[in-house]
Every structure is written in C-alpha cells, then in structure tokens.
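Heads up: the structure comes next, in structure tokens.
The values are calculated or read from the model by the stated rules, or taken from the named source; none is laboratory data. This is a predicted model, so every value here is computed, not measured. Using ideal geometry, Cβ is built from the backbone for each residue, glycine included, and neighbour counts are taken over all protein chains shown.
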Amino acid sequence: MDRPSSDSQLLDRIFETSPTGLVVLTPGGDITRCNDRAEELLGLEESDIEGKRYVEPEWQFTDEDGSPILESEHPFVRVRDSGGPIFGQVYRIERPHADPIVVSISGAPITADGTVARIVFAFEDITERRERERELEVMTRQLEVLNRVVRHDIRNEMAVVLGSIETAVDQVSDPDTMTNLERAQQAGDHVVSITKTARDLMEVVTATEPPELDPIQVAPILEEEVAMVREGTPDATVRIEDSIPTVSVRGTDLLDSVFRNLLSNAIDHSDQEAPTVTVSATVQDDRLRVSVADDGPGIPEAQKWSIFGKGDRGLESDGTGIGLYLVENLVTQFGGDVWVEDNEPRGAVFVVELDIVE
C-alpha cells in the first residue's frame with residue numbers, strides 16, 4: 001500500500017477503510033459522502049446514496065420493534081436541532097434489497113466559524129448482538145422460574161421425604177431395611193445439597209450486574225461448613241489443620257457455597273470407604289489461602305485446567321459438575337483465584353486465594 005502523501009489523504013484512507021459505517025451530510029440533510037462499510041450496511045451502491053437526503057424510501061428509520069418514529073426523533077434531526085452529539089442510539093433500518101438491520105448510531109456536528117458545516121454519523125450493525133440479548137433475556141426468565149422450583153418445590157418435597165425416612169428409621173429393627181433407609185437418607189441429603197448448589201449457580205448466572213462485594217469473616221463460615229459436612233457424612237474424617245485466621249475477605253453471602261462445594265467435592269469423588277479431608281487456611285501477603293486436601297484418586301494432569309469448566313466455560317466441559325463450576329465463577333467474582341494441585345501421597349488439593357480487607 002502506498003504511503004499517504006498528506007494528512008488529507010490519510011484521513012481519506014481512514015474514512016474509507018473504517019470498519020464502521022460513516023455518512024456525512026450537509027446541514028440541509030443532503031448526503032455528501034459515505035464509506036464502503038455504509039454502502040454494505042445499507043445494501044446500496046455509493047451512487048445510490050450520495051446526493052440523496054437523510055429521509056429516502058431506500059432506507060427507512062424506525063424504532064427497534066419496527067414502529068414508525070416521529071420526524072423529531074430521526075438521528076439527523078436530533079443532531080441538527082440540538083447542535084450537539086448523540087451516542088449509541090438504537091434504530092431499525094428497512095433496506096430495499098436485504099433484511100432489516102438494527103444499528104447503533106452516533107452522530108455529531110462539524111462546525112466552521114461557529115456554524116454547522118457538516119454532520120457526520122457512524123453506525124454499526126448490532127442485529128446479532130440484540131438477538132443474543134433477547135435470547136439471554138428469555139433464558140434468564142426461564143432460569144428464574146427453574147430457580148423458584150428448585151428453591152421451593154423440590155426442597156419442600158425433599159423435606160417431606162427425609163422426614164418420612166427419619167420416622168421409618170425409628171420404627172424398624174431389621175438390619176437390611178435399616179441399611180436401605182440410611183442409603184435413602186444419604187441420597188436425599190445429597191439431593192438437597194444439589195438444590196442448594198443449583199440455587200446459588202442460578203443466582204450467579206442470572207445476575208445482570210456485578211455483585212457488590214463486602215468484607216466477610218471467613219472463620220465462622222468455614223467452620224460451620226466443616227461442621228455440616230461432618231454431620232452429614234459421619235464415615236468421613238474432616239479436620240481443620242491449626243486455626244483459621246480471623247480475617248475478612250472480599251465476597252458476598254455466597255462465600256459459604258465456595259467452601260461447601262469444595263468440601264462436598266472432596267468427599268463425593270473419593271474412592272475411600274472413609275475419606276479424609278484436611279482444611280487449612282494461611283495468610284500470604286494480603287491474601288487468604290484456603291486449601292481443601294483429600295485422599296481420593298487425584299486429578300489427572302490433563303484435566304486440571306478444565307476441572308472448573310474453564311475450557312468451554314460451561315456445564316458441558318470436562319469438569320466434574322456444577323459445584324466446581326460454581327466455585328470458579330464465585331471466586332472470580334470475588335477477585336480471587338482457584339486451582340488444584342496434587343496431594344501427597346495421593347489425592348488432590350483445591351486451593352482458593354481471596355483478597356484480605358480490613
């Protein structure tokens with residue numbers, strides 16, 4: 001490509017090669033210039049655009065839903081009458097030889113000697129983006145409905161099931177029947193745990209804004225989660241190594257879900273009849289490091305990167321379930337890090353680091 005010989009030629013080249021559609025009009029509304037991208041977006045040749053006015057049958061501006069707009073709402077009229085710029089205004093453009101598109105338009109006046117000499121508009125096609133946004137809105141509403149089902153219907157029904165099992169346990173003496181009831185009770189407890197994880201995950205994925213992070217005391221939360229795991233899995237040994245530092249980290253009320261899922265993962269994926277899980281917490285510089293070590297089969301080296309769903313960023317990745325996927329999402333929201341290491345002589349160590357706050 002030849003080197004531009006002047007600033008004017010450079011500006012011309014920038015105008016023509018811009019990935020955004022550019023159109024220049026006179027204050028009277030006549031189009032004096034457009035670039036290649038504008039031709040492509042409007043589905044017209046340069047000769048069909050230049051010399052025309054801002055309102056033409058070839059391109060009709062409407063609201064995004066296709067409703068007509070008032071003359072005063074046209075982007076050209078808004079800039080002309082206000083004498084100021086507009087940014088990111090969304091319109092639908094009906095095109096003569098192609099499907100309609102949704103565009104984001106920004107425009108501004110170009111002044112000379114205190115008067116408007118030209119008005120320039122930049123517009124980009126956001127049709128696919130808006131379609132994705134609408135799909136996400138539908139998905140979010142569906143997840144909210146599912147969330148209500150999980151939080152209320154399923155958990156209420158499971159409370160009835162577990163209550164009935166507890167009553168039956170008190171009324172039987174046959175060892176085989178007792179064993180079957182205990183298995184049913186453990187399965188029911190696991191279902192309740194899954195509903196908690198699903199509830200927390202849906203709260204994360206349906207959030208429209210980043211969460212507000214507050215100082216959260218770690219020790220009472222971690223100790224409570226360890227106590228609950230001990231109670232729910234009496235065959236397992238879950239111990240806290242030394243004491244948990246009395247510090248606060250940046251997080252939300254879902255911090256307990258991080259520890260709950262790491263502890264549950266350590267036990268659920270163990271190949272031991274009586275799993276052993278060791279929890280430790282240390283302060284390193286301005287971060288708190290919490291480690292959950294197990295004596296299970298460990299994590300293959302090739303799977304360590306995808307264990308949290310980091311590869312496909314979704315529930316169909318090579319991870320081990322929604323629990324770890326939720327852990328990774330929450331820790332990332334909190335501005336922390338999570339990873340997995342090998343334990344010695346066997347097993348895995350899941351490590352979470354979070355920022356300490358006063």
message: Quick check on ILE240: is it without any contact (Cβ under 8 Å) to a residue 40 or more places away in the chain, touching a helix residue (DSSP H, G or I) at 6+ places or on another chain (Cβ under 7 Å) and assigned by TED's automatic domain parsing to the domain that holds ILE322?
response: no
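For the subset of segment 30-68 comprising residues that are in contact (Cβ under 8 Å) with a residue 60 or more places away in the chain and outside any loop (DSSP other than H, G, I, E, B), which member is nearest to the chain's Cα centre (by Cα)?
Filtering first and then ranking leaves LEU41.
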Of the candidates ARG134, ARG141, ARG130, the one satisfying the condition of being touching a residue at least 24 places away in the same chain (Cβ under 8 Å) and of a type outside the set (Val, Ile, Thr) is ARG130
Taking segment 109-143 and keeping only residues that are closer than 27 Å to THR17 by Cα and among the hydrophobic types (A, V, I, L, M, F, W, C), one is left with ILE110, ALA112, VAL116, ALA117, ILE119, VAL120, PHE121, ALA122, PHE123, ILE126
Does segment 149-157 include one or more residues that are part of a helix (DSSP H, G or I) and modelled with pLDDT of 80 or more?
-> yes
For segment 264-290 the number of residues that are within 19 Å of GLU344 (Cα to Cα) and of a type in the set (Lys, Arg) is 1
_THR246 - would you say it is within 24 Å of SER193 (Cα to Cα), in the same structural domain as GLU358 (by TED's automatic domain parsing) and more than 29 Å from the chain's Cα centre (by Cα)?_
no
Those residues of segment 317-358 that are modelled with pLDDT under 90 and part of a helix (DSSP H, G or I) come to a total of 6
Note: among PRO27, PRO19, just one is surrounded by fewer than 13 Cβ atoms within 10 Å (Cβ to Cβ) and assigned to a loop (DSSP other than H, G, I, E, B), namely PRO19
Residues in segment 152-173 that are in contact (Cβ under 8 Å) with a residue 12 or more places away in the chain and farther than 20 Å from ALA187 by Cβ total 0
Sole miss for LEU201 among (1) in contact with a strand residue (DSSP E or B) (Cβ under 8 Å, 6 or more places away or on another chain); (2) assigned to a helix (DSSP H, G or I); (3) of a type in the set (A, V, I, L, M) is condition (1)
Filtering segment 69-92 for residues that are under 22 Å from GLU39 (Cβ atoms) and in a strand (DSSP E or B) leaves a count of 4
Looking across segment 93-139 at residues that are in contact with a strand residue (DSSP E or B) (Cβ under 6 Å, 6 or more places away or on another chain) and assigned to a helix (DSSP H, G or I), the single one that is farthest from ILE31 (Cα to Cα) is ARG130
When restricted to ILE154, ILE216, the only residue surrounded by 12 or more Cβ atoms within 10 Å (Cβ to Cβ), among the β-branched types (Val, Ile, Thr), under 29 Å from the mean Cα position of the chain (by Cα) and farther than 29 Å from SER248 by Cβ is ILE154
Residue pairs qualifying under the 6 Å Cβ cut-off, at least six apart or on distinct chains, with the first in segment 191-216 being closer than 13 Å to ARG148 by Cα and in contact (Cβ under 8 Å) with a residue 40 or more places away in the chain and the second being surrounded by 17 or more Cβ atoms within 10 Å (Cβ to Cβ) and of a type in the set (Ser, Thr, Tyr), are ASP200/SER257
For segment 204-236, the count of residues that are assigned by TED's automatic domain parsing to the domain that holds TYR325 and part of a helix (DSSP H, G or I) equals 15
